[in-house]
Amino acid sequence: EIFSHFTNDGAISVESTYENKTIYRNLLLALARKRLNTHQRCFVKFSSHNIYFARFIQSVFPDVSAIFITRDTSEVVASFKRRPPSWMDESNLWELKNVYGLRGNNLEEIVAGFKKEADRVLIKQLSNKELKPENIAHICNYFNYTPKSADMNNMKQQFLYDSKVEFNRKQFER
């Protein structure tokens with residue numbers, strides 16, 4: 001919603017003004033506030049279309065590492081057809097088309113555009129196929145984070161469960 005505000009519902013591109021950066025920084029920091037003394041880091045998951053705001057986000061948090069996780073285009077398109085993300089409703093899609101030059105409703109082109117934009121803004125891309133327990137240490141290292149052994153084991157355990165089943169430890173079906 002904040003990007004709809006910044007783009008005047010898709011009429012303009014996000015301007016990197018002091019005011020916009022301050023609003024965004026304060027909003028994100030409020031949402032990611034430390035709730036427990038043990039909280040030391042924060043990971044923010046954005047929707048794929050937010051890649052078009054990456055330059056703005058990077059201007060607000062220039063020293064923060066980012067990874068754009070990709071999937072095969074056909075998998076993403078099939079997923080969008082089963083359950084379209086909220087940003088694909090006509091008002092939001094209009095914003096993407098107007099501000100970022102997307103043309104038509106071709107899902108393959110939209111998804112390809114996300115990957116091209118990640119290349120353009122120089123964000124590291126990682127295939128979802130590379131998200132494996134044996135790669136967690138390398139991924140954490142990219143974020144300058146070395147988890148404790150117990151935390152690493154907890155992270156690896158999450159790969160046993162289906163990520164689409166919120167708060168339900170349903171065994172992952174391969």
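For Ile69, what accessible surface area do you get with a 1.4 Å probe? Give it in Å², rounded to 10.
Accessible area of Ile69: about 90 Å².
Structure shown: which of Lys21/Lys124; Lys45/Lys132; Lys132/Lys156; Lys34/Lys124 lie over 20 Å apart, alpha-carbon to alpha-carbon?
Lys21/Lys124; Lys34/Lys124
Using 0.36 nm per residue of separation minus the Cα-Cα distance, give me the extension gain between Glu134 and His5 in nm, one decimal.
In short, 42.4 nm is gained.
The values are calculated or read from the model by the stated rules, or taken from the named source; none is laboratory data. Model, not experiment: these values are computed from the prediction. For the accessible areas, the whole protein counts, side chains as well, though only heavy atoms, and no ligand, DNA or RNA atoms are used. Shrake-Rupley method; radii C 1.70, N 1.55, O 1.52, S 1.80 Å.
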